[in-house]
Amino acid sequence: MKIINRKLIYIALCWLIPSYIFAIEKAPRPNILLVVTDDHGYSDVGFSQGASPDIKTPSLDSLAQDGITFDSAYVAHPFCGPSRAALMTGRYPHKIGSQFNLPVNGSTVGIPTEQVFISKALKQGGYFTGAIGKWHLGEEAQYHPNARGFDEFYGFLGGGHKYFPEEFDEQYKRAKSLGVKRFNDYITPLQHNGKDVRETEYVTDALSREAVNFINKAANNEEQPFFLYLAYNAPHVPLEAKAEDLAKFSHIKDKDRRTYAAMVYAVDRGIKSIVDSLKATEQYDNTMIVFLSDNGGNRKWGAVNDPLKEGKGSAHEGGHRVPMMVHWPDEISDGTRYSHPVSALDFYPTFLALAGIDLPIESHLDGKNIWPSVTAGESARQGESLFVLRHRRAAHDVSVRRDQWKAVRTKKTGKWQLFDVESDISETKDLAKKHPYILQDMVNDVSHWSWSNVPPKWFHIHQEGDEWRQDDMPRFGETFRIDK
Ligand code: CA
């Protein structure tokens, strides 16, 4: 009897499987447009909870209105290089030795080549891939975007750039005439697939223009969906804005804030041109647009992260909770907000799942496919922790987010604190004494996580490396001890 049943099941499966495979082959795979801004404050987009009243981002707000706004989106590190390394590899930077920014001005090191970037996984899975803007993940040939899975690259390889070509061209020429070989990253010519180009537009506009060009090119390529990583350097310093954008913010008295607001607005103008090109090429509905900042806003240079505590570089919420939204007409019909914690580490497994691509066999990803939970409105990591660890001299700034809880220890306070960031988003009421067991459990979590961290493969400046050795770092025993 059992054998007959098995035979019947087998016959039924033979009928079902081909039609199932056919259905998978026919399902259109989404285009993915990942837009990253640089040092963009949590409240410096109109769609953020507690949005700054003086910021204007109508195009982003319009997308958010029909998409999903993420109120508790985290990046893996509170400053640029390590955060971007995590975006591309799906790994905590501490697991791959990338927990410091790359050495300044033309470094010879880069994110280890054994790490398969998300671009490479998507390209191998049949996607047409492009990176536009800031790279900051290595400059030598083996670390170049074209070597890491991007068919197209337009932008600059360093950690930032000046915005007006008439200024940076002049400075570059002068340095060259003086015999300089290692140029300041911020003045080198932009490049297209490894070849220097003579850019003439304000850099934010140039990057938007190139994104539109890429989208138009992708439309002519019906065989392949696209993945575009659009990494604006705005509103990262230097604060430089166009007169026409500044004119819209003449009511802002503080000069830095006014320039910063104009730089954010220039990004938003670019988003409008990108949305228009997606619509004109009939790719709008099937394109998942993800927007976020690479870390918290820099409060010294015009950014506002209210209601979050502190900013760029901090283990408090202002350092690594970032503005984020997803827009995708084919999958999201009504605008909604999602308040459970998600991480930029989740993009890698989520994008691959949505693209129907198996994870590379050698991958050991730290995030997870969040899409089923997001669409169900449920937490994707109930009872699971997200970590931030910023090395500082002879100590670390460290935090753990788990459900509503945030455990944090900074060099400044020198002690572990516990906050309920669902009811106390600004981290004002320390509940460490009230909930010692929860705190201990979360500290145990991050301590356990730290065991598989690897030493930094580089330091941003020599002094950091000297201090690391002098202070016998990482000294995790002291960091994870709770003083009673
Ligand atoms: Ca940044």
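The values are calculated or read from the model by the stated rules, or taken from the named source; none is laboratory data. None of the values given here were measured: they were computed from a predicted structure. Neighbour counts are summed over all protein chains in view; Cβ atoms, including those assigned to glycine, are modelled from backbone coordinates with ideal geometry. In case anyone asks, the SASA skips ligands and DNA or RNA and just uses the protein heavy atoms, side chains included. Shrake-Rupley method; radii C 1.70, N 1.55, O 1.52, S 1.80 Å.
Key figures
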| read-out | value |
| --- | --- |
| Given charges at beta-carbon only (K, R positive; D, E negative), |dipole| of segment 385-479 in Debye | 120 |
| Solvent accessible area, Å² - I96, 1.4 Å probe, full protein context | 10 |
| Residue among C80, L386, S62 farthest towards the positive dipole end of the chain, charges placed on Cβ | L386 |
| DSSP-defined antiparallel bridges as percent of all bridges, the chain, nearest 5 | 55 |
| Dimensions in Å of segment 399-439 - Rg and Dmax from alpha carbons | 9.3, 25 |
| Mean accessible surface per residue for segment 253-309, computed with a 1.4 Å probe while every protein chain stays in place, in Å² | 40 |
| Two-site FRET efficiency, H364 against R475, from Cβ-Cβ distance with R₀ of 30 Å, rounded to 0.05 | 0.70 |
| Heavy atoms of S208 accessible to a 1.4 Å probe, total area in Å² rounded to 10 | 10 |
| Cleavage-rule hits (GluC sites (Glu not before Pro)) in segment 96-187: DSSP loop, at most 14 neighbouring Cβ within 10 angstrom | E114, E140 |
| Student exercise, the chain dipole from Lys, Arg, Asp, Glu Cβ charges, in Debye to nearest 20 | 1080 |
| Shape category assigned to segment 331-417 from the gyration tensor of Cα positions, a/c cut at 1.5 | oblate |
| Mean separation of Cα contacts under 8 Å (6+ apart) over length of the chain, as relative contact order % | 23 |
| Aspartates and glutamates whose Cα lies under 16 Å from that of K123, excluding same-chain neighbours fewer than 8 positions away | D151, E152, E222, E223, D358 |
| Segment 366-434, dipole about Cα centre (Lys/Arg Cβ +1, Asp/Glu Cβ -1), debye to the nearest 20 | 580 |
| Long pairs among K300/K412; K248/K309; K412/K433; K56/K217; K173/K457, criterion Cα-Cα beyond 21 Å | K248/K309; K56/K217; K173/K457 |
| With every protein chain in place, segment 385-479: carbon and sulfur % of accessible area (1.4 Å) | 50 |
| Mean ellipticity per residue at 222 nm, deg cm²/dmol - from DSSP H runs of n ≥ 4 across the chain, formula -39500 (n - 2.57) | -10000 deg cm²/dmol |
| Average accessible surface area per residue within segment 26-165, 1.4 Å rolling probe, Å² | 24 |
| Proportion of all alpha-carbon pairs of segment 229-296 beyond 13 Å (%) | 68 |
| Positive-end residue, the chain charge dipole about Cα centroid, Cβ charges, pick of L207, S52, H144 | H144 |
| Dmax and Rg, reported as Rg then Dmax, of segment 16-137 (C-alpha, Å) | 18.5, 59 |
| Mean accessible surface per residue for segment 385-479, computed with a 1.4 Å probe while every protein chain stays in place, in Å² | 52 |
| Normalised alpha carbon radius of gyration of the chain [divisor 2.2 N^0.38 Å] | 1.00 |
| Accessible heavy-atom area order of Y154, Y284, highest first, probe of 1.4 Å | Y284, Y154 |
| Normalised contact order of segment 385-479, rounded percent, pairs of Cα under 8 Å and 6 or more residues apart | 25 |
